[in-house]
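Asks: Before I ask anything, here is the structure I am working with.
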Amino acid sequence: MKALEIDKLRKSYGSTDAVKEISFSIEPGEFFGFLGPNGAGKTTTIKCITGIASFQGGTIKVFGIDVVADYRRARTKIGLAPQDFNVDIFAKASDILWYVAGYYGIPSALRKKRVADALERFDLGSHADKRFEALSGGLKRRLMLARAMVHDPDLLILDEPTAGVDVEMRHDLWRYLQDLNKSGKTVLLTSHYLEEVEMLCNRIAIISGGKIAAIGDKSEFTMGGKKLEQTYLEVTKGVNGNGTK
C-alpha cells in the first residue's frame, strides 16, 4: 500500500489548468521532495490532497483511502504544516494544539497527553502559555509542526516549513524533521531551499507548468557530482551547467 497515490490528477481554475493529469506515488516511510517554481502546481496539489480544494479529474489515495469518497478518515492520516500562519495570533501555543486535537475528535483525557507530548517533542514546553504573536519566527514554525503532528498522522505534508527563519533555527528544524522520518512518518516536503531538499529527501519530483517534469531517487538528480540546484534549473528553465540555455 502506498502512503500517497495520485493518479491523473487534474485541477482547473476557470479556464486555466493548474494541474494537468499528474501521477506519482510515495512509499511509506519516504522523505519525498516536491519541487517546482512559483505557480507550477505544488500548493494546488497539496490542497487537493488535504481536501482544501476540489478537483476535476483523477484520484488521490492516502494509505489506500480515497480523499474524496472517505474524506474524514483520509484527513486523519494527514498532518499539514502550511507556509502561511493560519492561526489565531492571540491564542496561546498550548490552546492552538488543544483546539486542533479537538477538531480531530480526540477525547479530552487523551487530548491533554497529545498536547503535552507535542510541546515536549518540539521543545515548546516553556512557551506553552505564550501567545502566538509573541513567539519568534522559529518558534512559530516549530508550533506549526507540533500542530500538524498533534493527532499523530502517518503522512506529514510540509509547505516551506523553514521559510523566514535564520540558519541556526533552520538546522534545528531539519533535526526535528529527520527525527520524525526516522520514527516512521512519511514526509512530503516542498521548499525553495534546495540545499535542504538535497540533504533531507531520498526521492524527488519536480513539477513545472502543471506537469511532472522529472521524478526519481535523489542520486539521479545529483549524478556526476551535480548539485540539485543545477539539475532543477536544467529541468525547469533549460539552463545548463554554465548558466546558459
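Computed from the coordinates by the stated procedures, all read-outs in this text should not be read as laboratory data. From a predicted model like this one, the values you see are computed outputs, not experimental measurements. No Cβ is skipped: glycine too gets one built from the backbone with ideal geometry, and neighbour counts run over all protein chains shown.
Asks: Ranking His171, His151 by Cβ neighbours within 10 Å, fewest first, what do you get?
Replies: If I rank by nearby Cβ atoms, fewest first, I get His171, His151.
Asks: With the dipole of the chain worked out from charges on the C-beta (+1 for Lys and Arg, -1 for Asp and Glu) around the Cα centre, which of Ser183, Ser25, Gly14 lies farthest toward the positive end?
Replies: Gly14
Asks: Need one number: nm distance between label points at Tyr193 and Gln178, each 7 Å from Cα along Cα→Cβ, rounded to one decimal.
Replies: According to this spin-label approximation, the distance is 1.3 nm.
Asks: Here is a follow-up. What does the highest-first list of 21-33, 52-64 look like by mean Cβ count within 10 Å?
Replies: Details: 21-33: 18.2, 52-64: 16.2.
For the peptides 21-33, 52-64, the packing ranking is 21-33, 52-64.
Asks: For the chain, set up a Gaussian network in which alpha carbons nearer than 10 Å are linked by springs, and say which option among Ala163, Ala109, Ala118 fluctuates the most.
Replies: Answer for the Gaussian network model of the chain: Ala109.
Asks: Send over the Kirkwood Rh of the chain, from the inverse of the averaged 1/r over different Cα pairs, rounded to one decimal Å. Walk me through the intermediate numbers first.
Replies: Details: mean 1/r = 0.0535 Å⁻¹.
Kirkwood hydrodynamic radius for the chain: 18.7 Å.
Asks: To make sure I understand, if each residue's beta carbon is the centre and we count other beta carbons within 10 Å, what order do Tyr99, Tyr71, Tyr232 fall in, fewest to most?
Replies: Tyr71, Tyr99, Tyr232
Asks: Run the quick spin-label model on Tyr99 and Ala128: label points 7 Å from Cα toward the beta carbon, then report their separation in nm to one decimal.
Replies: Going from the Tyr99 label point to the Ala128 one covers 1.9 nm.
Asks: Just how far, in whole angstrom, is region 123-154 from region 172-233 if you go by their alpha carbon centroids?
Replies: What the calculation gives is 24 Å, centre to centre.
Asks: Based on other C-beta atoms within 10 Å, arrange Glu5, Glu168, Glu133, Glu196 from fewest to most.
Replies: Glu168, Glu133, Glu5, Glu196
Asks: Turning to a different aspect of this structure: How big is the Rg/Rh ratio for region 82-152, C-alpha atoms only, Rh by Kirkwood, two decimals?
Replies: On the way: Rg = 10.9 Å, Rh = 11.8 Å.
On the Cα set of region 82-152, Rg over Rh gives 0.93.
Asks: If each DSSP helix of 4+ residues adds -39,500 (n - 2.57) and the sum is divided by the residues in the chain, what number results at 222 nm, nearest 500 deg cm²/dmol?
Replies: Counting only the DSSP helices, I get -11000 deg cm²/dmol.
Asks: Restricting to Cα pairs below 8 Å that are 6+ residues apart, what does the relative contact order work out to for the chain? Please round to a whole percent. Could the numbers behind the result be given before it?
Replies: Details: 440 pairs, mean separation 61.9, N = 245.
Once normalised by length, the contact order is 25 percent.
Asks: Also, quick follow-up: About its Cα centre, what dipole magnitude does the chain give when the only charges are +1 on Lys and Arg Cβ and -1 on Asp and Glu Cβ, stated in debye to the nearest 20?
Replies: 480 debye
Asks: Roughly what % antiparallel, to the nearest 5, for the DSSP beta bridges in the chain?
Replies: Roughly 60 percent of the beta bridges in the chain run antiparallel, per DSSP.
Asks: I've got another one for you. Can you give the extra length, in nm with one decimal, that the chain gains between Tyr71 and Ser23 once fully stretched, where that is 0.36 nm per residue apart less the Cα-Cα distance? Before the final figure, lay out each step's value.
Replies: Working: separation 48, 0.36 × 48 = 17.28 nm, distance 1.98 nm.
Length gained between Tyr71 and Ser23: 15.3 nm.
Asks: Near Lys20, which lysines are there with a Cα under 21 Å away, not counting those fewer than 8 places off in the same chain?
Replies: Lys8, Lys11, Lys42, Lys47, Lys61, Lys211, Lys237
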